[in-house]
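Participant: Please read through the structure below; I'll follow up with questions.
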Amino acid sequence: MSSAGSLDGFRVLDFTQGLCGPFCTMQLGDGGAEVIKVEPPAGDFARRMGPPFIGDESAVFLSLNRNKKSVVIDLESSSGRETAARLAREADVVVEDFGPSAATTLGLDYAQLRAENPKLIYCSITPFGEEGPLRHLPGSELVVQAMAEYTTSLGRIGDPPVRVGADIASLNTGTFAAQAILAALFHRLRSGEGQRVAVSEFGALLHMRGIMWSSLSDPDDWYGFHLDHYIKPPDYGYQTKNGSFYFILRRGNSEDWDRLVMELGMEEALADSRFDDYGRAATSIGRYATEVKPIWEKAFANRTREELVDLVKSIGGDAVPIMEYPELLAHPQVAALEVVAEIDHPTAGRLKTVRPVARLSDTPNSIRLAPPTLGQHTDEILRAAGLAQDG
């Protein structure tokens, strides 16, 4: 077993800021790549996102920038642009989110760099893509969510739009960008040639939304999660005596169903056609789940969610409590997966962070470096490159 990650030996030059690009390059860093984070003198703007702050450090920045080295280079100066170009010529991968045509102005355009570094993988991330009427527009998480129809199926009909709670545009695009970079690296290993990769947040959300639109194309029956979710109310799970839980019935038989109904005192459901097929259409995303929900919750009112989770599982159903942050982190499954790691930061002290998702048997992902302070590695990187610190 090797202690080095799968991407050990690759150098990534990261010009991105905020959430999307840094999430991409953190994944490459977790895989073993050396990630050099190029920051302006004021730093990545994510360093100022908050609260919350841990000491003087933004929790957002800390969560997205482990396994990176920070180098301060002023791209507004000619010497800084030349320094950045020199570093790019020696990199395996460049990732930027400058926006259309900005890279050319900065002397960091792919065509310019490829002339001296033909094996370079160059990834450009934009809000709306590099073609079309929106190509020059700036974007943000909420703007892209709204443009990509993601707010349509949230909330209630007639109410104002509701955003998706997670930063799905930024983080999913970061993942797609990392995948594209790895594909380009694999091609380079076979051909010896680099290439340019372009990824947009808008395109990422449209790609993910595609399954909904395919389902909406002349369906035989206007029913099912991918069709009627637009009109259903928000789902908060099923309320019990001490909290909410979620369950679905899909594997039980007649005996299991009868036992559940009798145990809950819901004998009337046996004569209700909405509960046919052992209740499968009356739970979760079933056809009648929304309209029969009050019947379930009446039966659940005097039982704890722990009792109900055990009962549903005992008849072959799936059931889980709907958890909030403190109880989630205390759950034994989280502990068994060793999801949370602790790292030491030079100014913020000891931090908790979420480990990399993938578990590779022979070339494991790892957390080798804490998120850097601004310019922490400038001298180290420039000296190694034979460059004076004048940018």
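Participant: Based on this model, can you work out whether Gly155 counts as more than 20 Å from the chain's Cα centre (by Cα), assigned by TED's automatic domain parsing to the domain that holds Gln195 and modelled with pLDDT under 90?
Facilitator: yes
Participant: Further question: Can you tell me how many residues within segment 32-46 are open to solvent by 30 Å² or more (accessible area, probe 1.4 Å) and in contact (Cβ under 8 Å) with a residue 60 or more places away in the chain?
Facilitator: 0
Participant: Restricting the search to segment 47-77, which residues are in contact with a Gly (Cβ under 9 Å, 6 or more places away or on another chain), part of a helix (DSSP H, G or I) and surrounded by fewer than 20 Cβ atoms within 10 Å (Cβ to Cβ)?
Facilitator: Ala59
Participant: I would also like to ask the following. Looking only at segment 62-89, filter to residues that are touching a Pro at 6+ places or on another chain (Cβ under 6 Å) and polar (S, T, N, Q); which one of those is farthest from Asn365 (Cα to Cα)?
Facilitator: The extreme case among them is Ser70.
Participant: Additional query: Could you please find all residues in segment 199-217 being open to solvent by 60 Å² or more (accessible area, probe 1.4 Å) and of a type in the set (A, V, I, L, M, F, W, C)?
Facilitator: Those that are open to solvent by 60 Å² or more (accessible area, probe 1.4 Å) and of a type in the set (A, V, I, L, M, F, W, C): Met208, Ile211, Trp213.
Participant: Identify, from the list Ala184, Ala169, the residue that is open to solvent by less than 60 Å² (accessible area, probe 1.4 Å), among the aliphatic types (A, V, I, L, M), in contact (Cβ under 8 Å) with a residue 40 or more places away in the chain and within 17 Å of Ala91 (Cα to Cα).
Facilitator: Ala184
Participant: Right, next: Mind counting the residues in segment 256-298 that are open to solvent by less than 60 Å² (accessible area, probe 1.4 Å) and of a type in the set (D, E, K, R)?
Facilitator: Counting residues in segment 256-298 that are open to solvent by less than 60 Å² (accessible area, probe 1.4 Å) and of a type in the set (D, E, K, R) gives 4.
Participant: Follow-up question, since we're still on this one. Of the residues in segment 124-150, how many are more than 18 Å from Pro22 (Cα to Cα), free of Cβ contacts under 8 Å to residues at least 24 places away in the same chain and part of a loop (DSSP other than H, G, I, E, B)?
Facilitator: Number of matching residues: 4.
Participant: Taking Asp256 as meeting all but one of (1) under 17 Å from Gly317 (Cβ atoms); (2) of a type outside the set (Phe, Trp, Tyr); (3) not assigned by TED's automatic domain parsing to the domain that holds Lys298, write down the number of the exception.
Facilitator: If we test Asp256 against (1) under 17 Å from Gly317 (Cβ atoms); (2) of a type outside the set (Phe, Trp, Tyr); (3) not assigned by TED's automatic domain parsing to the domain that holds Lys298, just (3) comes out false.
Participant: State all residues of segment 234-255 that are over 15 Å from Gly286 (Cα atoms) and open to solvent by 40 Å² or more (accessible area, probe 1.4 Å); if no residue qualifies, say none.
Facilitator: Of everything in segment 234-255, those that are over 15 Å from Gly286 (Cα atoms) and open to solvent by 40 Å² or more (accessible area, probe 1.4 Å) turn out to be Tyr236, Gln239, Lys241, Asn242, Asn253, Ser254, Glu255.
Participant: Does Gln179 count as in a helix (DSSP H, G or I), open to solvent by 30 Å² or more (accessible area, probe 1.4 Å) and at pLDDT below 95?
Facilitator: no
Participant: Consider Thr283 carefully, then state whether it is among the polar types (S, T, N, Q) and within 29 Å of the chain's Cα centre (by Cα).
Facilitator: yes
Participant: Give me the residue from segment 324-356 that is open to solvent by less than 70 Å² (accessible area, probe 1.4 Å) and assigned to a loop (DSSP other than H, G, I, E, B) and, out of that set, nearest to His377 (Cα to Cα).
Facilitator: Across segment 324-356, the extreme among qualifying residues is Ala348.
Participant: Suppose we filter segment 78-112 for residues that are among the aromatic types (Phe, Trp, Tyr) and either over 23 Å from Ala180 (Cα atoms) or outside any helix (DSSP H, G or I) (or both); how many remain?
Facilitator: Qualifying residue count for the region: 1.
Participant: Out of curiosity, is Leu7 among the aliphatic types (A, V, I, L, M), open to solvent by less than 20 Å² (accessible area, probe 1.4 Å), under 21 Å from Asn117 (Cα atoms) and outside any helix (DSSP H, G or I)?
Facilitator: No, not satisfied.
Participant: Would segment 22-31 turn up any residue that is in a loop (DSSP other than H, G, I, E, B), farther than 16 Å from Lys69 by Cβ, of a type outside the set (Ser, Thr, Tyr) and open to solvent by 10 Å² or more (accessible area, probe 1.4 Å)?
Facilitator: No - not one qualifying residue is present in segment 22-31.
Participant: Okay, moving on. All but one of (1) closer than 23 Å to Ala103 by Cα; (2) touching a Pro at 6+ places or on another chain (Cβ under 6 Å) hold for Ser140, so report the exception by its number.
Facilitator: All conditions pass for Ser140, except number (2).
Participant: Within segment 218-233, can you find the residues that are of a type outside the set (D, E, K, R) and either surrounded by 12 or more Cβ atoms within 10 Å (Cβ to Cβ) or in the same structural domain as Val292 (by TED's automatic domain parsing) (or both)?
Facilitator: Pro219, Tyr223, Gly224, Phe225, His226, Leu227, His229, Tyr230 - these are the residues of segment 218-233 that are of a type outside the set (D, E, K, R) and either surrounded by 12 or more Cβ atoms within 10 Å (Cβ to Cβ) or in the same structural domain as Val292 (by TED's automatic domain parsing) (or both).
Participant: Taking segment 109-118 as the search range and keeping residues that are out of contact with any helix residue (DSSP H, G or I) (no Cβ under 6 Å at 6 or more places or on another chain) and touching a residue at least 24 places away in the same chain (Cβ under 8 Å), which one is surrounded by the most Cβ atoms within 10 Å (Cβ to Cβ)?
Facilitator: Only one residue tops the list, namely Tyr110.
The values are calculated or read from the model by the stated rules, or taken from the named source; none is laboratory data. Note that the coordinates shown come from a computational prediction; the quantities given were computed from them, not determined experimentally. Virtual Cβ from ideal backbone geometry, glycine too; neighbours counted across all protein chains shown. These accessible areas exclude ligands, DNA and RNA; they are computed on the full protein's heavy atoms, side chains included. Shrake-Rupley method; radii C 1.70, N 1.55, O 1.52, S 1.80 Å.
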